[in-house]
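Trainee: One structure coming up, written as structure tokens, with questions to follow.
Only the coordinates and a few stated rules stand behind these numbers; no lab work does. Model, not experiment: these values are computed from the prediction. Every residue, glycine as well, gets a Cβ built from its backbone with ideal geometry; the counts of neighbours run over all protein chains shown.
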Amino acid sequence: MSEFKHWLSEIKWLNRDLTGKDFLLTRERSTAEIKQILCTAQALRHLHKKNIAAKCFSSGLAVSQFRDKSTRTRFSFSSAANLLGLTVQDLDEGKSQISHGETVRETANMISFLTEIIGIRDDLYLGVGHNYMKEVAAALDEGYKEGVLNQRPGIINLQSDLDHPTQSLSDLLHIENRFGSLENLQGKKIAMTWAYSPTYGKPLSVPQGIIALLTRFGMNVALAFPPGYDLVPGIVARAGQDAAGSGGGFTRVDSMAEAFSGADIVYPKSWAPYKIMEERTVLLKKNDPGGLQKLEQECLAQNANFKDWECDSEKMALTRNGSALYMHCLPADISGVSCKEGEVTAEVFEKYRLETYKEAGYKPFIIAALMLNNRFENPGRALETLYKRKTPRM
Amino acid sequence: MSEFKHWLSEIKWLNRDLTGKDFLLTRERSTAEIKQILCTAQALRHLHKKNIAAKCFSSGLAVSQFRDKSTRTRFSFSSAANLLGLTVQDLDEGKSQISHGETVRETANMISFLTEIIGIRDDLYLGVGHNYMKEVAAALDEGYKEGVLNQRPGIINLQSDLDHPTQSLSDLLHIENRFGSLENLQGKKIAMTWAYSPTYGKPLSVPQGIIALLTRFGMNVALAFPPGYDLVPGIVARAGQDAAGSGGGFTRVDSMAEAFSGADIVYPKSWAPYKIMEERTVLLKKNDPGGLQKLEQECLAQNANFKDWECDSEKMALTRNGSALYMHCLPADISGVSCKEGEVTAEVFEKYRLETYKEAGYKPFIIAALMLNNRFENPGRALETLYKRKTPRM
Amino acid sequence: MSEFKHWLSEIKWLNRDLTGKDFLLTRERSTAEIKQILCTAQALRHLHKKNIAAKCFSSGLAVSQFRDKSTRTRFSFSSAANLLGLTVQDLDEGKSQISHGETVRETANMISFLTEIIGIRDDLYLGVGHNYMKEVAAALDEGYKEGVLNQRPGIINLQSDLDHPTQSLSDLLHIENRFGSLENLQGKKIAMTWAYSPTYGKPLSVPQGIIALLTRFGMNVALAFPPGYDLVPGIVARAGQDAAGSGGGFTRVDSMAEAFSGADIVYPKSWAPYKIMEERTVLLKKNDPGGLQKLEQECLAQNANFKDWECDSEKMALTRNGSALYMHCLPADISGVSCKEGEVTAEVFEKYRLETYKEAGYKPFIIAALMLNNRFENPGRALETLYKRKTPRM
């Protein structure tokens, strides 16, 4: 029980008011605000373990809009909504009248009359996803201001072209618990590196989210990728500044081995070449299927030049005491398991498999924490009420 | 608070028992019954604004069956169910065994064992949708009478070939609030007119729903459409009779301009040519895709003769003081925005855009009111209990 | 009220602890355990009739995974979850990242962080469905043991290649209520027979489920099918042994007429030829669409040899007093209604149509009973609490 009280007192001490603040990019939120989200997630996780109900809503919708496939984020969003008492309604563009010429502005209002939270995944095209979320946000601002909506639903980014905050926050919570505290992360080295994959068009949001967030918590972030696999320049520049500010570090290296050297944590994960992702958006807007197919071939050929960017035992041996924590947002491309050649050998993955499952297990609580902080001015008081009430969840 | 008490006392005074009565056509319900629905919607809307929980069910399903695309009605139905404590289960004909040869009668029972409400949209074919709903209703009657079902779920028409009551009731609530009261609508002129659209096969249910409902509330309804765009004859004939009975009026005019002249409200909205919709049903039953494609071309060509049926500033200037209220069920075909040439100019639409959003915002409460009245003998008492309990919604 | 108390005292007397035990095959559960499931379903059905809320969960997911089409089981699962307070989240493989190379082991954990129950239908391929469920079970065992999951979700088989327990238990509850008690089933004859259908590839799970379950309750089971339509040999062998053990009987006969002779109950229902189902699995693993199409033609041609295996009035006249109870899991292939020639004549089906609907109506309560027994150590106490609390469901 003292564990819950610890998180509660942290939240009360941080005392941030996040109500009505959309969560699109971690960099838009202060370190204190991010800590409050983490503490709220810890507290909710504790309530769940102790079979204490965390229902704060008697009714209300949590709308999800997935413009890309998803298992874990879809289930995490559902789980989080359900935990707090919200009901998920999926906005399926195929079944809706969006194809009949609705504007984003109109749809945003139409789905929001009794909605508390809107979660959006839109990560397929560089320059599109984040802008789409901002367009939805502006529409909701107008609708609320003009009396169309009784309440202004909060938006949670479930992955955009720029960031993947529910992933990076889950990852941060995982390493906080693994290393004992956020303070213990100071000076720890994490290798965020590209890895080979035989697939096409993986988003840049995970590596961008990781370098943007962890440099702010004093970590020593080494980013590695082959020529042509750059991330969005502004995010990289900002990571360097943030590292300087937090007493951490940020370096750009040219090989997986160099990044792994002495690392406490490794995060080898494929993503698409930046230039190709940019070109892809142009071709999509031109509606040029032939061009897109050609681009896919080009991209796969480019990937194939870097098959040695695979996380194997040899490279793991270069890490601190040969025993860095391996991380992945899942699903990983595991050589010989889910593909012929991939991001990680079966041997390394199997060793850390259950750790990656635990890493994923934080996501429902992170999303619930984002929901709770978006709707309750005083999340500490809301949590305390639940804790004192002690209604058994079943 | 006095606002809530006003609606409550109206409901108690009207004192209609609507339990078990399907809501398929507004014309099957008395004026007092319709007023009670409107008052219930107002009361529920008030509770929502004041953050008072409106949960009346601890469990129970609200089944939705959409045989046509939908955003706003789908979300309105979900929102309404959620507000009252029901859980939506969508009957997706692709995923079900309907394609394996189930009869309507059988499916109706199979989805109803723990179901309170069934909402159906079936508006694509003239002579089909309303009959389908009646077939479902008969199956439920039999299932309940014969002991298959513990309860007889209520049916709510979410748009048929004949009527669109959740739309027309939302529209009526919008203008009631806009003009101050239902009484104030007496003698007000509304122009329900066809408008040009480059799309094919829009249902006739909205104009039919509007002329059928508003003529009963003392309004002066002017219906305008080009040659060949007639509505279902029986509905038009009945609208004339109802107007006479309510002290309103009903006229058939030949141009948008004539209909707009001196109007307090305009509702310019496209629909498909009646004869073509009839032919379409025949071709569909014959399963003649070639014939259907030819018919679509014919229909679009016919539409193109009437591109001047566009709601523009010039025509709006003909209305009372040049400032009639513009209405639309959304999404509208806005010239230069969602299509090249459409129902309304961007200028006019933009001026009334937020008004149309507000108009749409009544729908969740109308549907919730229909649900509540279908299940509770004494909806006034149910609402009063909620109001006195004052459980915060969040 | 005394009816509820009767079921409650039975449950207390049986006193089985089914928590954490997956329900994949009825033969894995003792007769006492099966009786306890039936009594729980009866008690829940009683609460529903009396409008008493049966909500035992404040939050929690019930995940459904349908690898084949379904109406009644989908709605039964939803209804059961909703009755107890769980929220359904469907795992739709098209929308998830399963196609991105997730392993069963990984997906099982990813969907389970806040999940109480997982219902799976996987009946299309011999040798696949049951093994898939066991693979999911093993993954959940590992995830729970290793601290990935706070709770180990229970698995309910919603139809596999081997068994269809929610169907056979509903059927057993139907005949228990029809014949007055389980004891009254002793010595009653049931004809489980193949019937002609113009469709391809119907699973073997229903006949297998019926012979496996009813032979354990003292019934005299006659199984009939044409040459080549054998069931899985192990299940047939076991049915013979179980019949001997329960004082019932199990015979294999060669015609529908012989099976019907003197029967108290008849269950004529099509299934696919065993050998063809085996070959089909091989072709599917080889990904041979041409071979599969050829096999379908072969199967339909084989079926067509046995069009006289139709349940008609003449054959019904052979049953005890000519008035056996006709059963079907629905939808049936009704000659002249859902197909040209099928399993049953329209005349016979119409006579028993409402009985088959009632038979189907037990399924939501059976599934709810399986859920309750899987999660509550003492289901009797849980039911008693609900009964004493008497919260009205609406």
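Trainee: Kindly identify chain A as rounded, prolate or oblate by the Cα gyration tensor criterion: order the square roots of the eigenvalues as a ≥ b ≥ c, call it rounded if a/c is under 1.5, otherwise compare a/b with b/c, prolate if a/b is larger, else oblate.
Mentor: Taking the square roots of the gyration eigenvalues as a ≥ b ≥ c, chain A is oblate.
Trainee: Moving on. How far, in nm to one decimal, is C:Lys69 from itself in the other copies if the label point is set 7 angstrom along Cα toward Cβ? Shortest first, please.
Mentor: Here the equivalent label points are 2.4, 2.4 nm apart from this one.
Trainee: Which residue of chain C is nearest the rotation axis onto chain B, counting by its Cβ, and what is the distance in whole Å?
Mentor: C:Thr87, 4
Trainee: Between B:Arg381 and B:Asp68, what FRET efficiency follows from the Cβ-Cβ distance if R0 is 45 Å, with the result rounded to 0.05?
Mentor: Step by step, r from the Cβ atoms, then E = 0.75.
Trainee: Which entries in the list B:Lys294/B:Lys340; B:Lys269/B:Lys351; A:Lys49/C:Lys390; A:Lys12/A:Lys35; A:Lys12/A:Lys363; C:Lys134/C:Lys269 go over 20 Å, if you measure between the two C-alpha atoms of each?
Mentor: Where the Cα-Cα span goes over 20 Å, the pairs concerned are B:Lys294/B:Lys340; A:Lys49/C:Lys390; A:Lys12/A:Lys363; C:Lys134/C:Lys269.
Trainee: Here's something else I'd like to know. Where the only charges are on Cβ atoms (+1 Lys, Arg; -1 Asp, Glu), what is the dipole of the protein assembly as shown about its Cα centre, to the nearest 20 debye?
Mentor: It works out to roughly 4140 debye.
Trainee: Quick one: compute the contact order of the range C:311-394, relative version, from alpha carbon pairs under 8 angstrom and 6+ residues apart, as a percent.
Mentor: 22
Trainee: Amide H of A:Tyr326: which non-local residues (sequence gap of 5 or more, or other chain) have their own amide H closer than 5 Å, using H built in the peptide plane?
Mentor: A:Val266
Trainee: Kindly write out, for the range C:63-77 in residue order, the coupling ³J(HN,Hα) from the Karplus curve 6.51 cos²θ - 1.76 cosθ + 1.60 (θ = phi - 60°), rounded to whole Hz, with x marking Gly and Pro.
Mentor: My calculation for the range C:63-77 gives 8, 10, 10, 10, 8, 8, 4, 6, 10, 5, 6, 4, 5, 5, 5 Hz in order.
Trainee: What does the average come to when, for each residue of peptide C:387-394, you count the partner chain Cβ atoms lying within 10 Å of its Cβ?
Mentor: 3
Trainee: Put a point 7 Å out from Cα along the line to Cβ at C:Val104; what are the distances to that point in the other copies, in nm, shortest first?
Mentor: 4.2, 4.2
Trainee: Give, rounded to the nearest 20 debye, the magnitude of the charge dipole that chain C has about its Cα centre when Lys and Arg contribute +1 at Cβ and Asp and Glu contribute -1 at Cβ.
Mentor: The calculation lands at about 1460 debye.
Trainee: Calculate the length of the line joining the C-alpha centroid of the range B:169-211 to that of the range A:251-304, in whole Å.
Mentor: Here the two parts' Cα centres lie 53 Å apart.
Trainee: Can you grab the distance from the C-alpha centre of the range C:339-394 to the C-alpha centre of the range B:308-331, Å, no decimals?
Mentor: Here the two parts' Cα centres lie 55 Å apart.
Trainee: Could you size up the charge dipole of the range A:165-360 around its Cα centre, putting +1 on the beta carbon of Lys and Arg and -1 on that of Asp and Glu, and report it in debye to the nearest 20?
Mentor: With only Lys, Arg, Asp and Glu charged at Cβ, the dipole is about 360 debye.
Trainee: Please state the relative contact order of the range B:166-360 as a whole percent: Cα pairs under 8 Å, 6+ residues apart?
Mentor: 26
Trainee: Now, a different point. As a test of the formula, what do you get for the protein assembly as shown when each DSSP H run with n ≥ 4 contributes -39,500 (n - 2.57) and the sum is divided by the residue count, at 222 nm and rounded to the nearest 500 deg cm²/dmol?
Mentor: Computed ellipticity for the protein assembly as shown at 222 nm equals -15000 deg cm²/dmol.
Trainee: Loop only per DSSP, at most 14 neighbouring Cβ atoms within 10 Å: give me the trypsin sites (Lys or Arg not before Pro) in the range B:319-394, ordered by residue number.
Mentor: B:Lys340, B:Lys390
Trainee: Taking a point 7 Å out from Cα toward Cβ as the label site, list the nm distances between A:Gly187 and the same residue in every other copy, smallest first.
Mentor: 8.7, 8.7
Trainee: Okay, next question. With r as the distance between the Cβ atoms of C:Glu258 and C:Leu354 and R0 = 30 Å, compute the FRET efficiency 1/(1 + (r/R0)^6) and round to 0.05.
Mentor: Efficiency, rounded to the nearest 0.05: 0.60.
Trainee: Return the distance in nm (one decimal) between the two label points of a simple spin-label model at A:Asp288 and C:Lys50, each offset 7 Å from Cα along Cα→Cβ.
Mentor: It is 7.2 nm.
Trainee: Using Cα-Cα distances under 8 Å and only pairs 6 or more residues apart, what relative contact order does chain A have, in percent?
Mentor: 22
Trainee: Also, quick follow-up: Please average, across the residues of C:335-343, the number of beta carbons from any other chain that are within 10 Å of each residue's own beta carbon, and give a whole number.
Mentor: For peptide C:335-343, the averaged partner shielding equals 1.
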